[in-house]
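*Asks:* Structure in structure tokens, see below.
The values are calculated or read from the model by the stated rules, or taken from the named source; none is laboratory data. A quick note: this is a predicted structure, and the numbers were derived from the prediction, not measured. A quick note on method: Cβ atoms are made from the backbone with ideal geometry, for glycine too, and the neighbour counts reach across all protein chains shown. Each accessible area value is taken on the protein alone, full model and side chains, heavy atoms only, with ligands, DNA and RNA left out. Shrake-Rupley method; radii C 1.70, N 1.55, O 1.52, S 1.80 Å.
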Amino acid sequence: MDNKSVKRIKQMHGSGNGANPGKLYFAFWGAFALLYIVGIALPLRVTPHYYNRMSRIWNWTEVMSFFLAVYYIIKTRVFQWRQAVIALLLGAVCLISLFRDPRTADIIVTSICVTATFYAGCRLFELANVENASLNINIVGSIRYFGIGAMISIPLAFLNVLYFSFTGQIRLGNVLHSAVFALKPAIAEEVIFHFFLLAYTYFIFSGKEENKIKVYIYALLVVPHELLHYPDLFVKSPIMAIIMCVLNSVFFGLPMALLMKKKNLQMAAGMHWFVDFVRFAVGF
């Protein structure tokens, strides 16, 4: 991307010219909060397509991220074939869940959101002048980092199963199917809620010292993603929902966000994949 394009987009958002980037940051929080509150308050019968509040708010948040991603894709006006191909491949992998989950429309929407947010994230990293380590790793390196992430998550995966065992019975399933189907949540959640939002935060705060924006980064990467797991629990027991959000943020959300920020998407996805793989393999 040429310097004029970079300067034009940064000026458009106030980045690097003395304006307050916090407005864009908290605008995302405001939009998310609105979706979350409406998603909880609105009776499920109004949206019969969704079987619970979590699936409804989750899907809405993905769509919100999609529109934000498309906005930046349009504004950059520079097409990168390599990034687009990788984005399409990641989105296509998410379609695997069509063979496991009857919610065809939701899975297709998620796949499209993954494609758009990955591509937009790559562009925003470039605009923010931040190295996108995830894109500069070859296939062999990607597999290696994915494996390292999976190994790191071994104790967390079994901790996760221990939690689910209190609410259900362990039933060993098809290991191969579990491994394949776990790719969708690993890729989709890490791309949309970690990779893209990390790039977005770097972009809107570009020009700021990184030490001064760490709290903003980790808050945006951890809190919304964790809250999306518990809207139904908030209806039944708000205190328990808050406790679960805090615990899961500490044991799962923050470690994955740290890997995304300090390492790369491949390692964060590997960690996420193994946790879900083990959960699927034992019947949860």
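*Asks:* Can you tell me which residue among 252, 274, 284 is out of contact with any His (no Cβ under 8 Å at 6 or more places or on another chain), of a type in the set (Phe, Trp, Tyr) and not in a helix (DSSP H, G or I)?
*Replies:* The match here is 284.
*Asks:* Applying the selection to the range 43-70, what residues are open to solvent by 40 Å² or more (accessible area, probe 1.4 Å) and outside any helix (DSSP H, G or I)?
*Replies:* 43, 48, 49, 51
*Asks:* Separate question: Taking residue 183 as the residue in question, decide whether it is free of Cβ contacts under 8 Å to residues at least 12 places away in the same chain and surrounded by fewer than 21 Cβ atoms within 10 Å (Cβ to Cβ).
*Replies:* no
*Asks:* Residue check, residue 242 against (1) over 26 Å from residue 125 (Cα atoms); (2) open to solvent by less than 30 Å² (accessible area, probe 1.4 Å), all met but one. Which one?
*Replies:* Unmet for residue 242, out of (1) over 26 Å from residue 125 (Cα atoms); (2) open to solvent by less than 30 Å² (accessible area, probe 1.4 Å): (2).
*Asks:* Considering only the range 96-110, state which residues are assigned to a helix (DSSP H, G or I), closer than 20 Å to residue 61 by Cα and in contact (Cβ under 8 Å) with a residue 24 or more places away in the chain.
*Replies:* 97, 105, 106, 107, 109, 110
*Asks:* Could you look through the range 210-236, keep only residues that are open to solvent by less than 40 Å² (accessible area, probe 1.4 Å) and part of a loop (DSSP other than H, G, I, E, B), and pick out the one that is farthest from residue 107 (Cα to Cα)?
*Replies:* 230
*Asks:* Cβ-Cβ below 9 Å, separation at least six or inter-chain, first residue in the range 73-88 and of a type outside the set (Val, Ile, Thr) and modelled with pLDDT of 90 or more, second part of a loop (DSSP other than H, G, I, E, B) and open to solvent by 40 Å² or more (accessible area, probe 1.4 Å): which pairs?
*Replies:* The qualifying pairs are 80/1.
*Asks:* Exactly one condition in (1) assigned to a helix (DSSP H, G or I); (2) open to solvent by 80 Å² or more (accessible area, probe 1.4 Å); (3) of a type in the set (Gly, Ala, Ser) is not met by residue 207; state its number.
*Replies:* Condition not satisfied by residue 207: (1).
*Asks:* Any idea how many residues of the range 113-143 are part of a helix (DSSP H, G or I), among the hydrophobic types (A, V, I, L, M, F, W, C) and surrounded by 15 or more Cβ atoms within 10 Å (Cβ to Cβ)?
*Replies:* Here the count works out to 11.
*Asks:* Can you spot a residue in the range 247-268 that is open to solvent by 10 Å² or more (accessible area, probe 1.4 Å) and over 29 Å from residue 201 (Cα atoms)?
*Replies:* no
*Asks:* Can you tell me which residues in the range 157-208 are under 11 Å from the mean Cα position of the chain (by Cα) and of a type in the set (D, E, K, R)?
*Replies:* Scanning the range 157-208 gives 189, 190.
*Asks:* For residue 241, work out the one condition from (1) assigned to a helix (DSSP H, G or I); (2) in contact (Cβ under 8 Å) with a residue 12 or more places away in the chain it doesn't fulfil.
*Replies:* Evaluating residue 241 over (1) assigned to a helix (DSSP H, G or I); (2) in contact (Cβ under 8 Å) with a residue 12 or more places away in the chain leaves (2) as the failure.
*Asks:* Scan the helices (runs of 4 or more DSSP H) fully inside the range 154-195 and keep the ones with 2 or more residues being among the β-branched types (Val, Ile, Thr).
*Replies:* Hits in the range 154-195: 154-165, 175-181.
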